[in-house]
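Starting off with a structure, shown below.
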Amino acid sequence: MLRFRRRTCITLGVFILFVCSVMMGLKTLRPESAAFGSPFGLGLLPERRIKESDIHVEEKTMTQTEKGVSQTLSVNHLEMEELPSPNYDFHTFYYTWYGNPQFDGKYIHWNHPLLKHWDAKISNNFPSGVHNPPDDIGANFYPELGPYSSRDPSVVDAHMKQMRSASIGVVALSWYPLGMSDDNGEPTDDIVPLILDKAHNYGLKVTFHIEPYKDRDDHSLRSNVIYIIHKYGSHPAFYRYKSSDGRTLPMFYIYDSYITSPDTWANLLTLSGSQSIRNTPYDGIFIALLVEEKHKYDIHRSGFDGLYTYFATNGFSYGSSHHHWSSLKAFCDTNNLMFIPSVGPGYVDTSIRPWNLQNTRNRINGKYYETALNAALLVRPSIISITSFNEWHEGTQIETAVPKKNALYKYDDYLPHKPNIYLQLTRKWSEKFIKEKEQWLL
């Protein structure tokens, strides 16, 4: 009997040990679908398994976009090591005017109206109305993140990670003064702290692309600059550029600067101007938009520090025509101005301007973008700007896009390439830019 009990105890002990081993083994298993990865799921980085212990949850509140971005994760050291270094001489124009019902109570900008042709005689020949998201949006391409909200922290995090993966260093943030917005949007100055924080997480910097709001002039822009520097200037992600005289100053892009007279700008941007901010705590690097050739003289007389070309359509304007960049760079060098060419992956805005086919520029599977980048490098600029990261209405985005169609419409896409093709191309040329600049300085 004693021998039987001993044998029973041993058998029971072995069984319990077996059960425990099985349970521990099952606990360590994870299904493939549970793996954490890039919020935009593009395979930009080498494939790897991220342990749960490597992940720090930044926000307890779960957020979700219509594309399914369900968690906001902070950037851990392992992820940062796998991302390329940011190139602070690569700037990209970024828009925060998008909204959806979950975060904003309604769709904003995705439901953009179809704009009428300026000639009333032919205006009725084209469709009118508004877009009806989520399947029908005001864009010719469809974002991988769906019709997102610019207020969604997980979306902003995904955007900053995409930019860093492309070796972009500076976010040129579209900005309207407090309480103002474009005709189809809502005020977005309150989103700026989120942009700065998320940019800082990825080692990016933020500069301001000041839009042409109503009654913008020397007085109001001076107030804008003071406001921006006071409110955001102490943030570690706030961008400053080391000027030729050795000072480190904030930079401001001024969109549609040509609609204001050179004399008005000179009041603000020259030493003798009545509103001058030169040699004050609010001094900066001010970059004007050049559209026509004559604007270069106005820009110089206004006291601006440089010029950029913005438009992604080669041939649309004097400034956006690649073959004019060499002469523009020479003019800038002669007059101590900075020349910042703007490159884009293509252009198509017929989802909101159905009459504007003549300005469409096919992406040619990335060749158009690479041609523009090569043209920019040839003139040896100190900075290159990218139009754009996410201006979906004009089809200039390098943000990830996916194929999509419905009963009425088939969206353009990046096929046969992956959704991240323009991020990969940007990284390639950013690294080439860095290497070539090293040679220029020898």
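The values are calculated or read from the model by the stated rules, or taken from the named source; none is laboratory data. It should be emphasised that the depicted structure is a prediction, and the values quoted were computed from it without experimental measurement. So basically every Cβ, Gly included, is an ideal-geometry build from the backbone, and we count neighbours across all protein chains shown. Keep in mind that these areas ignore ligands, DNA and RNA; they rest on the heavy atoms of the full protein, side chains included. Shrake-Rupley method; radii C 1.70, N 1.55, O 1.52, S 1.80 Å.
Could you grab me the full set of residues in the stretch 93-112 that are farther than 24 Å from residue 209 by Cα and either touching a Gly at 6+ places or on another chain (Cβ under 9 Å) or in a strand (DSSP E or B) (or both)?
Of everything in the stretch 93-112, those that are farther than 24 Å from residue 209 by Cα and either touching a Gly at 6+ places or on another chain (Cβ under 9 Å) or in a strand (DSSP E or B) (or both) turn out to be 105, 106.
Oh, and also: Does residue 253 satisfy the criteria of being within 22 Å of the chain's Cα centre (by Cα), at pLDDT 95 or above, open to solvent by less than 30 Å² (accessible area, probe 1.4 Å) and of a type in the set (Ser, Thr, Tyr)?
Details: within 22 Å of the chain's Cα centre (by Cα): yes; at pLDDT 95 or above: yes; open to solvent by less than 30 Å² (accessible area, probe 1.4 Å): yes; of a type in the set (Ser, Thr, Tyr): yes.
Yes.
Moving on to the next point. Given the structure, is residue 370 among the acidic types (Asp, Glu), under 21 Å from residue 257 (Cβ atoms), within 22 Å of the chain's Cα centre (by Cα) and open to solvent by 10 Å² or more (accessible area, probe 1.4 Å)?
Values: among the acidic types (Asp, Glu): yes; under 21 Å from residue 257 (Cβ atoms): no; within 22 Å of the chain's Cα centre (by Cα): yes; open to solvent by 10 Å² or more (accessible area, probe 1.4 Å): yes.
For residue 370, the condition - among the acidic types (Asp, Glu), under 21 Å from residue 257 (Cβ atoms), within 22 Å of the chain's Cα centre (by Cα) and open to solvent by 10 Å² or more (accessible area, probe 1.4 Å) - is not met.
Residues that are within 30 Å of residue 417 (Cβ to Cβ) and either of a type outside the set (Gly, Ala, Ser) or open to solvent by 30 Å² or more (accessible area, probe 1.4 Å) (or both): does the stretch 265-275 have at least one?
Within the stretch 265-275, the first condition is being within 30 Å of residue 417 (Cβ to Cβ), and the residues that meet it are none.
No, because not a single residue in the stretch 265-275 is within 30 Å of residue 417 (Cβ to Cβ) and either of a type outside the set (Gly, Ala, Ser) or open to solvent by 30 Å² or more (accessible area, probe 1.4 Å) (or both).
Given the structure, is residue 158 under 30 Å from residue 427 (Cα atoms), in contact with a strand residue (DSSP E or B) (Cβ under 8 Å, 6 or more places away or on another chain), crowded, with 22+ Cβ neighbours inside 10 Å and in contact (Cβ under 8 Å) with a residue 12 or more places away in the chain?
Numbers: under 30 Å from residue 427 (Cα atoms): yes; in contact with a strand residue (DSSP E or B) (Cβ under 8 Å, 6 or more places away or on another chain): no; crowded, with 22+ Cβ neighbours inside 10 Å: yes; in contact (Cβ under 8 Å) with a residue 12 or more places away in the chain: yes.
Considered against the rule, which asks whether it is under 30 Å from residue 427 (Cα atoms), in contact with a strand residue (DSSP E or B) (Cβ under 8 Å, 6 or more places away or on another chain), crowded, with 22+ Cβ neighbours inside 10 Å and in contact (Cβ under 8 Å) with a residue 12 or more places away in the chain, residue 158 comes out as no.
Would you be able to tell me the number of residues in the stretch 168-188 that are within 16 Å of the chain's Cα centre (by Cα) and within 11 Å of residue 208 (Cα to Cα)? Reasoning before the result, please.
Step one: list which residues in the stretch 168-188 are within 16 Å of the chain's Cα centre (by Cα), which gives 168-175, 188.
Right, trim to within 11 Å of residue 208 (Cα to Cα) and you get 170-175.
Result for the stretch 168-188: 6.
How many residues does the stretch 352-367 contain that are touching a residue at least 40 places away in the same chain (Cβ under 8 Å) and either over 24 Å from the mean Cα position of the chain (by Cα) or open to solvent by less than 10 Å² (accessible area, probe 1.4 Å) (or both)?
4
I'm told residue 178 meets every condition in (1) free of Cβ contacts under 8 Å to residues at least 40 places away in the same chain; (2) of a type outside the set (D, E, K, R); (3) surrounded by fewer than 16 Cβ atoms within 10 Å (Cβ to Cβ) except one. Can you identify the failing condition by its number?
Only one criterion in (1) free of Cβ contacts under 8 Å to residues at least 40 places away in the same chain; (2) of a type outside the set (D, E, K, R); (3) surrounded by fewer than 16 Cβ atoms within 10 Å (Cβ to Cβ) is unmet by residue 178, namely (1).
Could you grab me the full set of residues in the stretch 377-418 that are in a loop (DSSP other than H, G, I, E, B), within 30 Å of residue 329 (Cα to Cα) and either touching a Ser or Thr at 6+ places or on another chain (Cβ under 7 Å) or at pLDDT below 95 (or both)? Explain how you work it out, then say what you get.
Step one: of the stretch 377-418, the residues in a loop (DSSP other than H, G, I, E, B) are 379-383, 387-391, 395-400, 402-404, 406-409, 411, 413-418.
The next check asks that each one be within 30 Å of residue 329 (Cα to Cα); those that pass are 379-383, 387-391, 395-399.
Within the stretch 377-418, 379, 387, 388, 389, 396, 397, 398 meet the criteria.
Name the single residue, out of those in the stretch 181-192 being closer than 21 Å to residue 146 by Cβ and not acidic (Asp, Glu), that is surrounded by the most Cβ atoms within 10 Å (Cβ to Cβ).
188
Considering only the stretch 378-418, state which residues are in contact with a helix residue (DSSP H, G or I) (Cβ under 6 Å, 6 or more places away or on another chain), closer than 18 Å to residue 360 by Cα and open to solvent by 40 Å² or more (accessible area, probe 1.4 Å).
Within the stretch 378-418, no residue meets the criteria.
Another question about this same structure. Got at least one residue in the stretch 73-84 being outside any helix (DSSP H, G or I), at pLDDT 90 or above and either within 26 Å of residue 149 (Cβ to Cβ) or out of contact with any strand residue (DSSP E or B) (no Cβ under 8 Å at 6 or more places or on another chain) (or both)?
Our first condition is that a residue be outside any helix (DSSP H, G or I); within the stretch 73-84, this holds for 73-76, 83-84.
Next cut, at pLDDT 90 or above only: 83-84.
Those still in the list that are either within 26 Å of residue 149 (Cβ to Cβ) or out of contact with any strand residue (DSSP E or B) (no Cβ under 8 Å at 6 or more places or on another chain) (or both) too: 83-84.
Checking the stretch 73-84: at least one residue is outside any helix (DSSP H, G or I), at pLDDT 90 or above and either within 26 Å of residue 149 (Cβ to Cβ) or out of contact with any strand residue (DSSP E or B) (no Cβ under 8 Å at 6 or more places or on another chain) (or both).
Could you identify the single residue in 111, 124, 140 that is surrounded by fewer than 22 Cβ atoms within 10 Å (Cβ to Cβ) and touching an Asp or Glu at 6+ places or on another chain (Cβ under 9 Å)?
Values: 124 fails: touching an Asp or Glu at 6+ places or on another chain (Cβ under 9 Å); 140 fails: surrounded by fewer than 22 Cβ atoms within 10 Å (Cβ to Cβ).
Among 111, 124, 140, only 111 is surrounded by fewer than 22 Cβ atoms within 10 Å (Cβ to Cβ) and touching an Asp or Glu at 6+ places or on another chain (Cβ under 9 Å).
Results for (1) over 19 Å from residue 353 (Cβ atoms); (2) in a helix (DSSP H, G or I); (3) modelled with pLDDT under 95, shown as yes or no for each residue.
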| residue | (1), (2), (3) |
| --- | --- |
| 118 | no, no, yes |
| 122 | no, yes, yes |
| 127 | no, no, yes |
| 132 | no, no, no |
| 136 | no, no, no |
| 146 | yes, no, no |
| 151 | yes, no, no |
| 158 | yes, yes, no |
| 162 | yes, yes, no |
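Also, I was wondering about something else. Can you name the residue in the stretch 419-442 that is in a loop (DSSP other than H, G, I, E, B) and at pLDDT 95 or above and, of all such residues, is least open to solvent (accessible area, probe 1.4 Å)?
At the first step, the residues of the stretch 419-442 found to be in a loop (DSSP other than H, G, I, E, B) are 419-420, 441-442.
Imposing the further condition that a residue be at pLDDT 95 or above reduces the set to 419-420.
Working: 419: 33, 420: 0 Å².
Ranking the qualifying residues of the stretch 419-442, first place goes to 420.
Filter the stretch 286-309 for residues that are open to solvent by 10 Å² or more (accessible area, probe 1.4 Å) and within 23 Å of the chain's Cα centre (by Cα) and give the result.
If the condition is that a residue be open to solvent by 10 Å² or more (accessible area, probe 1.4 Å) and within 23 Å of the chain's Cα centre (by Cα), then 291 is the only one that fits.
How do the pairs read when you match residues in the stretch 98-110 that are farther than 9 Å from residue 133 by Cβ and modelled with pLDDT of 95 or more with residues anywhere that are in a helix (DSSP H, G or I) and open to solvent by less than 60 Å² (accessible area, probe 1.4 Å), using Cβ under 9 Å and keeping only pairs 6 or more apart or on different chains?
Going by the 9 Å Cβ cut-off, the qualifying pairs are 98/104; 98/155; 98/392; 103/155; 109/392; 109/393.
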